[in-house]
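Colleague: Right, I'll just put the structure down here and ask away after.
The values are calculated or read from the model by the stated rules, or taken from the named source; none is laboratory data. In this text, all values refer to a predicted model and were calculated from it rather than measured experimentally. Glycine also receives a Cβ, built like all others from the backbone with ideal geometry; neighbour counts cover every protein chain displayed. Remember, those area values only see protein heavy atoms, side chains included, never the ligands or the DNA or RNA. Shrake-Rupley method; radii C 1.70, N 1.55, O 1.52, S 1.80 Å.
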Amino acid sequence: MSKGQETIIKTVHQYSKGLIAASDMEKLEEIARDYCYVKNQVYQRYGGIYGLPKIYPGYTVQNEMTRSGLRKRLGLPAAYFYCAIFDALGDVKSQWSYARGRVEKNIRNHPNLSPEERHYLRFIMKQSQCFEAVMCRKAPQIEGNWQEKYESLRAEVDGHKMEQYLRRQMRKHLQKIHTDTLDGFSVTVKGYRYGEHGIYLSTKQKRNRVFIPLTDGNQYERQLHISINPDEGKVRIDVPIEIRTRSRENYCNEIGLAVGMREMFVTDKGNVYGGKYGVYQTALTEYVREGQACYRRNRHNNPGRKKYYTGKKRLEAALHSYVNAEINRMLKIEKPRIIYIPKLPPVPVAGVNRRINYSVGMWQRGYVRSRLAQKCRECTIELVEVFGKDISKVCSRCGGTGGKDEEDFICRSCGLVLSKKQNAAQNARNRGRVNLGSL
Ligand SMILES: [Zn+2]
């Protein structure tokens, strides 16, 4: 692999061709039910506070689940059983890191903790052996001079009280996980075989595979995720593939971007991409708002929502394909080596502003960002987020404050007149350069 290249994961999809027979679909649904059951078993046994020592790296869980005899009882092929276990383990682990993040924040903001107490708690959270021991009410045995450090920190506080506080906090934030989703399952390479323009999947019946014709002839050798849609008799296969990033030698520009709700991107040179973004966005927002209102009005008549979801999906797809095409066009024309973009302002606390158009807007803005980030990774373009505060309020030429009329930024100090978005994009570029320069 040449310098500057790396691999990244991208998901490609395969689709079933024609209707899948009801009897075959039932076999797939059977697997999905068992898969869900196995996941819930893992959540139940290892999702709590005492599961912690077993979930890293997870072989203990795998072995215990094997010994439990559950797989035999269900008659579920190993190709699904172990996928379900690792799938669930992944959820348990992210639950832990979520909870740890919340607790760390609480410790930081707790008004009654002394600096020593805070220091001690932070030490426990950082040192994983120590953290595990405290969670399981055991005395930590840590390697090397960490033990000494631990003991000296503990001597300065009421250790018992602190550890209880930590356990209570973790319990509070470690949510119980449970799933009811029956819409799919993952399978290892041993559970399937491609052939005859389709795929054969193992079922719970020995030597009885389900054949699913596919719309393409691609074959993959890796863990797949099978999404089933029994209502429509369809299946979709998600395939995570590694792709090599391409770095383009003639991509050498540094650009600043302003991101907007009406125009998707404006560059520091004033070039506009996604000029119709607002139009697509509004169409979707209006549709969702109208659909929700209509649903609330007629709720008692129990109206079907299928038509609504189909319409919403169509508008979403149109918006997304427009966004992708415009990102590609921007990269092709601007040829950036590095892009500076203002950080998104923090999301306000839920419940403060629950207007539908607001939430749709936020969510679509997240889509634009994640697509831009993905494309940048694929092309090894550096995407740098810069401090976004006041980025549209200060002058990009002299740093003075300015006023805005309809379209333009007007500097009160140096008299610069520039479109608001272009001024913001130039500020993004300036801020990014200053930060990189000071590294
Ligand atoms: Zn100025």
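Colleague: Considering only region 141-153, how many residues are surrounded by fewer than 14 Cβ atoms within 10 Å (Cβ to Cβ) and assigned to a loop (DSSP other than H, G, I, E, B)?
Modeller: Looking only at that region, the number is 4.
Colleague: Name the residues in region 223-247 that are in contact (Cβ under 8 Å) with a residue 60 or more places away in the chain, open to solvent by 90 Å² or more (accessible area, probe 1.4 Å) and either part of a loop (DSSP other than H, G, I, E, B) or polar (S, T, N, Q) (or both), would you?
Modeller: The answer is Q223, R246.
Colleague: Something else: Quick one: Y220 ticks every box in (1) in a loop (DSSP other than H, G, I, E, B); (2) open to solvent by less than 40 Å² (accessible area, probe 1.4 Å); (3) among the hydroxyl-bearing types (S, T, Y) bar one, so which box is it?
Modeller: (2)
Colleague: Looking only at residues in region 148-196 that are within 30 Å of I228 (Cβ to Cβ) and of a type in the set (V, I, T), which one is modelled with the lowest pLDDT?
Modeller: T181
Colleague: While we're looking at this one, here's another question. What residue, of R122, R102, R108, is open to solvent by 50 Å² or more (accessible area, probe 1.4 Å), part of a helix (DSSP H, G or I) and in contact (Cβ under 8 Å) with a residue 60 or more places away in the chain?
Modeller: R102
Colleague: Take K138 and tell me if it is assigned to a helix (DSSP H, G or I), more than 30 Å from L76 (Cα to Cα) and without any contact (Cβ under 8 Å) to a residue 12 or more places away in the chain.
Modeller: no
Colleague: Considering only strands (runs of 3 or more DSSP E) fully contained in region 349-439, which possess at least 2 residues that are at pLDDT 80 or above, open to solvent by 20 Å² or more (accessible area, probe 1.4 Å) and away from the ligand (no atom under 16 Å from the Cβ)?
Modeller: Ranges flagged: 382-386.
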